[in-house]
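Heads up, the thing below is written out as structure tokens.
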Amino acid sequence: MSKIPLVAANCRFESETTSVSSVVRTDITFVIDVQNITKRYGHHTAIDRVTFSVAKGEVLAFLGPNGAGKTTTMRILTCFMPATEGHARVAGFDCTDQPLDVKRQIGYLPETPPVYQELTVTEYLTFVGRLRGMTGQTLTAAFDRTIGRLELGAVRHRLIGNLSRGYRQRVGLAQALLHDPPVLILDEPTVGLDPKQIIEIRELIKSLAGSHSVILSTHILPEATAVCQRVVIINKGRIVAEDTPEQLSARLRHSEKVSITLKAVPSDCEMKLRAIPGILNVLPGQAGGSFLLECELGRDLRDEIARLVVSSHWGLLELRTISMTLEDVFLQLTRHEDHLAEPAEAMVSAPAEQTDA
Amino acid sequence: MSPVQAVIAKELRGYFVSPIVYVVGAVFLLIFGLLSYLYVGFAGAQAIQLMQMQGGVAQINLNDLVFRNLFASVRIVLLIILPILTMRLFAEERKLRTFEFLLTSPIRINDIIIGKFVSVLLIYLGLLGLTVLVPTVLMLFSDFDWNPIWTGYLGMALLGALFLSVGVCASALTENQIVAAFVSFGTLLSMWLIAGLGSLLGDTTAGRIISYVSYMEHYDRLVRGLIDTSDLVYFGSGLVLMLFLTHRIVESTRWK
């Protein structure tokens, strides 16, 4: 097991350079440790020098557009395919040299739930348990726990082929959880589920945090914000950002934004707002009486703004700060990635040194 | 239950819930029964002819007239139906995306292949077991030597196992079951036809090698009641070679 202090470097978007807060992580045991893995298919490079790690009990989201390399990375971690270059270790085992040991530590849900339609849920999960060497009481206990956790009791004797897409997804998740592995790798786990089921699965993944290390890939950005402690954004095979959702939005924010809505809007209102020290720009909002104020980065001007509005008797109906959503971050990173000179070096939190745990 | 046994149980369940095993089994048993009836009919006609020519009761050899012909004809039936039994084994896993699940489970590729092969072999041996009814019924009406029949059954079991291993290998090549069936059918037919090429070339090195590669003469010797170690080695090594190739094909998908 290794401990790797990670240091995030700078990131650049177009001509602008944004300083990235350093993420120095010490005393954390990494269950998943990926070092510079590259995967080439002929002349096509699917992933290029990807480096990241996941601590024990951490939930990491893997974000990226289609074809970015998320599934390839997951397939390398689950030993389905080897990396062309680099090393990946799961729970201390090397993915190339000790694949069987790695596979025992992992619960993997691929993009399409890997279910056999001719088997019932019970038969399928029993088969999965036996493949993983579980027998007798251990298998029965694991089966009952998983069925309960995913609420599959009502359909346990039904053929999987007759189940709805949502139930099949849950059965797929059940096979990943059956042996209670320390590492879970979930490729788009909530695809095909209805909103209620999505919330349930998110709650389940959240409940796994702490005792399990989870990597999940997703297109649904609120999911990453809701479930994950850390986000890795991958685009065209390269990691373009890695941080907490909050830190990511803070990194890419060039100014603080405050939205206000006024009851009365006199003609000199905009001019007076601009006169507040630290206000960079005042933009009219969509609704009548609303304005979007851009303030200097790092300055909270809400107090000054409120004081001006109240003293001028404009009638303050609403005042709130606007934070950057993960959608904004994602789009900004993936849209402008083409213009980045050296994105891999520029953005990724790179391991500075490695020490033994 | 070991992981290999789990794979066998799952595959057997897969066969019995799909119509494939029932259809293939019914067709195989029907054709086996028809062929038996025809050869017994021919033998009966020959016996009547002999009785008319010689007078008195004619002694006919059922081993030669019925069973040797029957076992020789069964080759064609096996050639057609066994690729249908094996075509789904890996192709379906690829199609339904469960292949990735199997390869990311803590089980060796060898165990997956052996599990799948043994499951289809058990089904084939079960079908073959049902055909023992034919000599058993004939035993009630006639005397014949059981030893060449047992060697014939050994031949059918070994030939079937070789055919199944070719089918398993072909199934690993593609996700299309029809393609898998045609590849194995084509391979087995070619292995049959090269026997003719071998006899054309006669007693030359190339001729001997080609004749050895074809399963025809190895199977014929077993059907005639001869157990030759070289024939057992041929079937054993052919089977192992095909399963080894399957392993390489499955392994190679990880590198693509």
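Scan the range A:93-113 for residues that are under 23 Å from residue A:212 (Cβ atoms) and more than 23 Å from the chain's Cα centre (by Cα) and jot them down. Scanning the range A:93-113 gives A:93, A:94, A:98, A:99, A:100, A:101, A:104.
Against the list (1) of a type in the set (S, T, N, Q); (2) in contact with a Leu (Cβ under 6 Å, 6 or more places away or on another chain); (3) within 20 Å of residue B:180 (Cβ to Cβ), the condition residue B:98 fails is (2). Within the range A:201-224, how many residues are within 10 Å of the chain's Cα centre (by Cα) and part of a helix (DSSP H, G or I)? The total comes to 4. If only residues of the range B:224-244 that are modelled with pLDDT of 90 or more and surrounded by 17 or more Cβ atoms within 10 Å (Cβ to Cβ) are counted, the one that is farthest from residue B:97 (Cα to Cα) is B:231. Pairs linking a residue in the range A:305-316 that is within 15 Å of residue A:267 (Cα to Cα) to a residue that is exposed (fewer than 13 other Cβ atoms within 10 Å of the Cβ), with Cβ atoms under 8 Å and 6 or more positions apart or on different chains, are A:312/A:266; A:313/A:264; A:314/A:263; A:314/A:264; A:314/A:266; A:315/A:263; A:315/A:264.
Across the range A:103-116, the number of residues qualifying as surrounded by fewer than 21 Cβ atoms within 10 Å (Cβ to Cβ) and within 7 Å of chain B (Cβ to nearest Cβ) comes to 2. Run down B:245, B:193 and say which single residue is aliphatic (A, V, I, L, M) and either in contact with a helix residue (DSSP H, G or I) (Cβ under 9 Å, 6 or more places away or on another chain) or assigned to a loop (DSSP other than H, G, I, E, B) (or both). Only one candidate qualifies: B:245.
Residues of the range B:204-225 that are more than 15 Å from residue B:159 (Cβ to Cβ) and not in a helix (DSSP H, G or I): B:204, B:225. Considering only residues in the range A:194-221 that are surrounded by fewer than 14 Cβ atoms within 10 Å (Cβ to Cβ) and of a type in the set (Ser, Thr, Tyr), the one that is farthest from residue A:29 (Cα to Cα) turns out to be A:207.
Can you tell me which residue is surrounded by the fewest Cβ atoms within 10 Å (Cβ to Cβ) among those in the range B:22-77 that are more than 25 Å from residue B:193 (Cα to Cα) and among the β-branched types (Val, Ile, Thr)? Among those that are more than 25 Å from residue B:193 (Cα to Cα) and among the β-branched types (Val, Ile, Thr), it is B:57. Quick check, is residue B:156 surrounded by 20 or more Cβ atoms within 10 Å (Cβ to Cβ) and at pLDDT 90 or above? When the stated conditions are applied, residue B:156 passes them. Considering only residues that are surrounded by fewer than 18 Cβ atoms within 10 Å (Cβ to Cβ) and among the hydroxyl-bearing types (Ser, Thr, Tyr), look in the range B:113-150 and name the one that is nearest to the other protein chains (Cβ to nearest Cβ). So, considering only residues that are surrounded by fewer than 18 Cβ atoms within 10 Å (Cβ to Cβ) and among the hydroxyl-bearing types (Ser, Thr, Tyr), the one nearest to the other protein chains (Cβ to nearest Cβ) is B:136. Of all residues in the range A:177-200, those being of a type in the set (D, E, K, R), outside any loop (DSSP other than H, G, I, E, B) and over 19 Å from residue A:144 (Cα atoms) number 2. Taking each residue of the range A:84-101 that is under 30 Å from residue A:43 (Cβ atoms) and touching a residue at least 40 places away in the same chain (Cβ under 8 Å) and looking for partners that are among the charged types (D, E, K, R) and buried (at least 16 other Cβ atoms within 10 Å of the Cβ) with beta-carbon atoms closer than 6 Å, six or more apart or interchain, yields A:84/A:39; A:89/A:33. The single residue among B:138, B:125, B:82, B:130 that is within 18 Å of residue B:167 (Cβ to Cβ) and touching a residue at least 60 places away in the same chain (Cβ under 8 Å) turns out to be B:82.
Scanning the range B:55-112 for residues that are within 14 Å of chain A (Cβ to nearest Cβ) and not in a helix (DSSP H, G or I) yields B:96, B:97, B:98, B:104, B:105, B:106, B:107, B:108.
Is it the case that some residue within the range A:198-219 is touching a residue at least 24 places away in the same chain (Cβ under 8 Å), polar (S, T, N, Q), in contact with a Lys or Arg (Cβ under 7 Å, 6 or more places away or on another chain) and assigned by TED's automatic domain parsing to the domain that holds residue A:133? Within the range A:198-219, one or more residues are touching a residue at least 24 places away in the same chain (Cβ under 8 Å), polar (S, T, N, Q), in contact with a Lys or Arg (Cβ under 7 Å, 6 or more places away or on another chain) and assigned by TED's automatic domain parsing to the domain that holds residue A:133.
The residue of the range A:255-302 that is farthest from residue A:321 (Cα to Cα), among those that are without any contact (Cβ under 8 Å) to a residue 40 or more places away in the chain and part of a helix (DSSP H, G or I), is A:271. Can you pull out every residue in the range A:51-92 that is assigned to a helix (DSSP H, G or I) and polar (S, T, N, Q)? Matches in the range A:51-92: A:71, A:72, A:73.
Scan the range A:225-241 for residues that are over 16 Å from residue A:188 (Cβ atoms) and assigned to a strand (DSSP E or B) and jot them down. The answer is A:230, A:235, A:238, A:239, A:240, A:241.
Only one entry in A:100, A:77, A:125 is surrounded by 19 or more Cβ atoms within 10 Å (Cβ to Cβ), out of contact with any helix residue (DSSP H, G or I) (no Cβ under 7 Å at 6 or more places or on another chain) and within 14 Å of another protein chain (Cβ to nearest Cβ), namely A:77. When the residues of the range A:135-164 are filtered to those that are within 12 Å of chain B (Cβ to nearest Cβ) and either crowded, with 20+ Cβ neighbours inside 10 Å or at pLDDT 95 or above (or both), the one that is farthest from residue A:67 (Cα to Cα) is A:139.
The values are calculated or read from the model by the stated rules, or taken from the named source; none is laboratory data. These figures come from a predicted structure and were not determined experimentally. So basically every Cβ, Gly included, is an ideal-geometry build from the backbone, and we count neighbours across all protein chains shown.
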